[in-house]
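The values are calculated or read from the model by the stated rules, or taken from the named source; none is laboratory data. Note that the coordinates shown come from a computational prediction; the quantities given were computed from them, not determined experimentally. Positions of Cβ are backbone-derived with ideal geometry, glycine not excepted, and every protein chain shown enters the neighbour counts. Accessible surface is based on the protein model in full, side chains and every heavy atom, while ligands, DNA and RNA are left aside. Shrake-Rupley method; radii C 1.70, N 1.55, O 1.52, S 1.80 Å.
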Amino acid sequence: MKERKLNTKTLCVHAGQPGQGAGPVVNPIYATSTFKFRDAQHGANLFSGKESGYIYTRMGNPTVKGLEDCVATLEGGAYGLATSSGMAATNTTVTALCSAGDHIICSAAVYGPTNTLLTTIMSRLGVEPSIVDTADLDAVKAAFKPNTKVLFVETPGNPTLVISDIAALADIAHRHNALLVVDNTFMSPILQQPLMLGADIVVHSMTKFLNGHADVVAGIIVVKDEKRYKSFRSVLNHLGGVLPPFEAFLVHRGIRTLLLRMKQHCENGRKVALFLENHPKIEWVRYPGLPSHPQYELARRQMKGPGGMVSFELKGGLEAGRTLMNSTRLCALAVSLGGVESLIQHPASMTHAGMAKEARLAAGITDGLVRISVGIEDADDIISDLDQALAKV
Ligand code: LCS
């Protein structure tokens with residue numbers, strides 16, 4: 001009998017966890033830095049690859065492997081590589097794919113430090129970046145050079161929520177013998193599966209929706225084939241930015257409720273976005289679930305839901321935004337996103353403060369833009385908090 005494919009809800013609960021048979025129900029924390037060999041030959045065989053098994057936790061650990069298998073399954077990929085942060089996932093990916101003399105194209109609207117990593121550190125090491133609005137396919141085509149190795153896309157982009165067409169960009173990248181890397185942090189594999197749309201590699205900050213509880217910093221890379229996995233594993237092992245087992249355990253636990261949480265983030269995100277759009281003190285709102293989003297149709301085609309991130313600007317600009325952020329009682333004034341609790345922050349002076357002002361403005365990150373990560377609390381409570389804070393503006 002052909003094995004029935006499990007549905008996503010079931011995979012969130014079971015992927016990467018121990019299978020049937022006697023033993024633990026939950027993949028335990030292997031709190032060990034190193035693993036004993038049977039004898040000297042066994043150790044030599046593990047190092048040479050003649051036998052597979054665990055050697056040393058920087059090279060692999062059963063708790064971390066359970067999480068890697070889980071996220072790879074949810075993304076529709078073959079292998080995962082858990083990293084110590086989302087930035088470590090991006091850094092490891094770029095380092096694995098690019099050498100001095102190569103060129104990389106990156107979305108204009110990305111998490112601030114991703115832009116900084118490419119435009120300062122990677123460029124210092126000889127990898128030349130081009131920052132492009134990847135929602136504009138003609139601009140992307142024009143940016144390719146003979147030495148372009150990677151097209152790095154964040155969609156929806158942080159914090160403008162601009163959406164890039166993954167399938168079209170995969171096609172463009174492949175025509176130029178380049179690889180498409182997608183940062184899927186804002187969506188999680190529940191709402192968007194870039195590998196299924198043609199992307200070659202997915203990276204995540206698992207600090208956000210995947211973990212979902214604002215108590216871990218973590219990242220992951222998902223690839224489609226063994227050859228790339230082995231080369232990435234070697235780079236990660238030598239760069240050293242691996243995820244420790246305790247953090248892996250927490251993220252794996254968080255993923256068991258990922259689908260339920262994402263449903264609630266979408267439901268609450270819609271309600272909050274609609275409330276803001278109808279409020280007289282709001283200048284504009286950007287949310288992929290609102291018909292006013294410039295790429296509403298693409299969002300509906302490419303994403304299974306609009307997610308929990310909402311960006312907006314008040315009519316009074318930056319000063320009004322500051323008063324709002326200082327007046328919320330339930331929404332916490334903090335960076336990060338994707339947790340069960342609602343957070344509010346100001347990208348120009350916080351998450352994207354490290355970017356050059358011209359680059360920030362070119363990416364649509366205005367001085368007055370305020371970003372909310374809508375949590376899974378009762379939507380009416382979030383809205384009433386924003387309502388009382390708006391009354392103070
Ligand atoms: N990619 C995206 C889309 C992100 O939003 C972040 C962090 C990262 C990568 C990096 O992940 P990390 O190393 O922090 O795990 N975004 C943050 C934000 O918007 N506020 O604080 C962190």
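I need the full set of residues from region 141-159 which are crowded, with 23+ Cβ neighbours inside 10 Å and of a type in the set (S, T, N, Q), in order please.
Hits for region 141-159 are THR155, ASN158.
Given the condition part of a strand (DSSP E or B) and either more than 14 Å from HIS265 (Cβ to Cβ) or not assigned by TED's automatic domain parsing to the domain that holds MET196 (or both), answer yes or no: does some residue in region 314-328 qualify?
Yes, some residue in region 314-328 is part of a strand (DSSP E or B) and either more than 14 Å from HIS265 (Cβ to Cβ) or not assigned by TED's automatic domain parsing to the domain that holds MET196 (or both).
Can you name every residue in region 90-107 that is more than 17 Å from GLY157 (Cα to Cα) and within 16 Å of the ligand (Cβ to nearest atom)?
Across region 90-107, the qualifying residues are ASN91, THR92, THR93, VAL94, THR95, ILE104.
Please tell me if LEU324 is aliphatic (A, V, I, L, M) and within 16 Å of the ligand (Cβ to nearest atom).
Against the criterion (aliphatic (A, V, I, L, M) and within 16 Å of the ligand (Cβ to nearest atom)), LEU324 does not qualify.
Looking for whichever is touching a strand residue (DSSP E or B) at 6+ places or on another chain (Cβ under 9 Å), within 16 Å of the ligand (Cβ to nearest atom) and in contact (Cβ under 8 Å) with a residue 60 or more places away in the chain here; the options are VAL110, VAL153. Which one fits?
One residue alone meets the criteria, VAL110.
Restricting attention to region 349-375, and to residues there that are within 12 Å of the ligand (Cβ to nearest atom) and within 28 Å of GLU267 (Cα to Cα), which single residue is most open to solvent (accessible area, probe 1.4 Å)?
MET350
From the list GLY198, GLY241, pick out the single residue that is touching a strand residue (DSSP E or B) at 6+ places or on another chain (Cβ under 9 Å), within 11 Å of the ligand (Cβ to nearest atom) and open to solvent by 10 Å² or more (accessible area, probe 1.4 Å).
Among GLY198, GLY241, only GLY241 is touching a strand residue (DSSP E or B) at 6+ places or on another chain (Cβ under 9 Å), within 11 Å of the ligand (Cβ to nearest atom) and open to solvent by 10 Å² or more (accessible area, probe 1.4 Å).
Could you grab me the full set of residues in region 286-307 that are over 22 Å from VAL182 (Cα atoms) and open to solvent by 10 Å² or more (accessible area, probe 1.4 Å)?
Answer for region 286-307, where residues must be over 22 Å from VAL182 (Cα atoms) and open to solvent by 10 Å² or more (accessible area, probe 1.4 Å): PRO291, SER292.
Please count how many residues of region 2-35 are aliphatic (A, V, I, L, M) and either under 13 Å from ARG253 (Cα atoms) or open to solvent by less than 50 Å² (accessible area, probe 1.4 Å) (or both).
Looking only at that region, the number is 6.
If we scan region 171-182, do we find a residue that is away from the ligand (no atom under 13 Å from the Cβ), under 16 Å from the mean Cα position of the chain (by Cα) and on the phi < 0 side of the Ramachandran plot?
The answer is yes, given that some residue of region 171-182 is away from the ligand (no atom under 13 Å from the Cβ), under 16 Å from the mean Cα position of the chain (by Cα) and on the phi < 0 side of the Ramachandran plot.
Specify which of the listed residues (VAL251, VAL272, VAL310) is in contact (Cβ under 8 Å) with a residue 24 or more places away in the chain, open to solvent by less than 90 Å² (accessible area, probe 1.4 Å), in the same structural domain as PRO189 (by TED's automatic domain parsing) and on the phi < 0 side of the Ramachandran plot.
Exactly one residue qualifies, and that residue is VAL251.
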